[in-house]
Structure formats: C-alpha cells, structure tokens
Amino acid sequence: MIFRIKIDGADAEDELRSLRAWLEASPEIRQHATIAWHAEPTTAGHMSGGAMEWLQFITDNAWSAANFTVAYITWRRTRRNPRTAVIETNGVRVSIEGADAEVTARITQALSSNG
C-alpha cells in the first residue's frame, strides 16, 4: 500500500516534520512502513511546493490502516492549532479536519479501500 499525507498552512513543513517524528517513534509503524518525503512533479507554468510537500508511506500487507489512523489522531490532538490535512491513496484525496470518531472512520475507510 502506498499513501501520502500533506498539511495545509503557513507552517505545514514544521507540522509534517513533527508528524514524521511522531510516527517514526512508533515501533509498529517503523516495523511496517517506510516514510519518505515526496514532492508533486512540476508542470509547465507551475512551481513545486518543494521536497517536503507530502509524507509518503509505503507499507507491507501486514500493516493496518488503523495503526496509522490511531497514531495520526493521537498526534493531531497534541497540536495547538491543528491544520487541515489531506490523505491521498489511489488518486483519491480525503480532506481531514478535527480528530473525532467520524474523521477516524474516514481515514480508515480511505486507507482500507486502497486496492
């Protein structure tokens, strides 16, 4: 499974760095997911946002979308001013605001439907 997450806002890079550090601190995620920076390819007339535009996750079949969801929601609750995040998998993008049960279900559903 491959999916990506980005965070909107002026401090998006700092937030992504924080999220990456939080996720890499989880033994479960370190064992089953490779986390890397990913930038959108540039197109004529547009500039790329840079190398830290997205966090990309490459996971094995044993890894559960629920593990990422729990870690993400827990991290998000630590943020003073949480920003909107976008998760993309298989060309489908899900916008995430908040950290309630509905958001948890939307993230898990999006990642679980990834092929």
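Lys and Arg at +1, Asp and Glu at -1: add these up for the other residues within a Cβ distance under 15 Å of R76 and post the number. Result for the local shell: +1. Ordered by the count of other Cβ atoms within 10 Å of each Cβ, fewest first, I73, I96, I58 give I58, I73, I96.
At full extension, S18 and A105 could sit 29.0 nm farther apart than now, given 0.36 nm per residue minus the alpha carbon distance. Taken about its Cα centre, the chain carries a charge dipole of about 140 debye when Lys and Arg each add +1 at the Cβ and Asp and Glu each add -1 at the Cβ. Fewest-first ordering of R77, R83 by other beta carbons within 10 Å of each residue's beta carbon gives R77, R83.
Ordering T108, T34 from the fewest to the most neighbouring beta carbons within 10 Å gives T34, T108. Is the shape of region 57-96 rounded, prolate or oblate, going by the alpha carbon gyration tensor and its root eigenvalues a ≥ b ≥ c, with a/c under 1.5 for rounded and a/b larger than b/c for prolate? In terms of gyration-tensor shape, oblate.
Ranked from largest, the principal axis spans of the Cα set of the chain equal 40, 33, 25 Å. The sum of -39500 (n - 2.57) across all DSSP H runs of n ≥ 4, divided by the residue count of the chain, sets its helix-only mean residue ellipticity at 222 nm to -11000 deg cm²/dmol.
3J(HN,Hα) along region 90-105: 6, x, 9, 10, 10, 7, 10, 10, x, 8, 9, 4, 5, 5, 4, 5 Hz, from the Karplus curve 6.51 cos²θ - 1.76 cosθ + 1.60 with θ = phi - 60°, whole Hz, x for Gly and Pro.
Bear in mind these aren't lab numbers, they're just calculated from the coordinates by the rules spelled out. Keep in mind that what you see is a predicted model, and the values were worked out from it rather than measured. We place every Cβ from the backbone using ideal geometry, glycine too, and count neighbours over all the protein chains shown.
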